[in-house]
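*Asks:* So that we are looking at the same thing, I have put the structure below in structure tokens.
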Amino acid sequence: MKYIAFEWDKNKNILNQKKHGITFEEAKTVFYDDNARLIHDPDHSLNEDRFILLGLSTNFRILTVIHTYRKNDEIIRIISARKATKNETKHYKWRR
């Protein structure tokens, strides 16, 4: 398995957990799902490329993780994470 480094804003992690019930610690496990689906999301930021990752966490929940890449793609910065919607879940399962 390739080593992946992660970073996130600590306060954003706390807010995300309160709002969505998902920690960024759990969200980072989605990046190790071999069936995860990566979608470029150019519409939600003018300052950086953002991406959506749909995948299964180690807690067996299908999550939507918004992230960007930093330092020549060596670091993944998690921006937000939530439980996947019904449509996102269908997309994930259909593509498996």
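*Asks:* Which condition number does K93 fail, the rest of (1) at pLDDT below 95; (2) out of contact with any strand residue (DSSP E or B) (no Cβ under 9 Å at 6 or more places or on another chain); (3) in a helix (DSSP H, G or I) being met?
*Replies:* Condition (2) is where K93 drops out.
*Asks:* OK, next. In the stretch 67-92, how many are surrounded by 13 or more Cβ atoms within 10 Å (Cβ to Cβ) and free of Cβ contacts under 8 Å to residues at least 24 places away in the same chain?
*Replies:* 3
*Asks:* I need the full set of residues from the stretch 1-38 which are acidic (D, E) and either at pLDDT below 95 or more than 13 Å from K83 (Cβ to Cβ) (or both), in order please.
*Replies:* Taking the stretch 1-38 first, the residues acidic (D, E) are 7, 9, 25-26, 33-34.
E7, D9, E25, D33, D34, listed by residue number.
*Asks:* If L63 satisfies every condition in (1) more than 22 Å from K93 (Cα to Cα); (2) within 10 Å of the chain's Cα centre (by Cα) but one, which is the exception?
*Replies:* The one condition L63 does not meet is (1).
The values are calculated or read from the model by the stated rules, or taken from the named source; none is laboratory data. All of these numbers come straight from a predicted model, not from anything done at the bench. Positions of Cβ are generated from backbone atoms using ideal geometry, with glycine treated the same way; all protein chains shown enter the neighbour counts.
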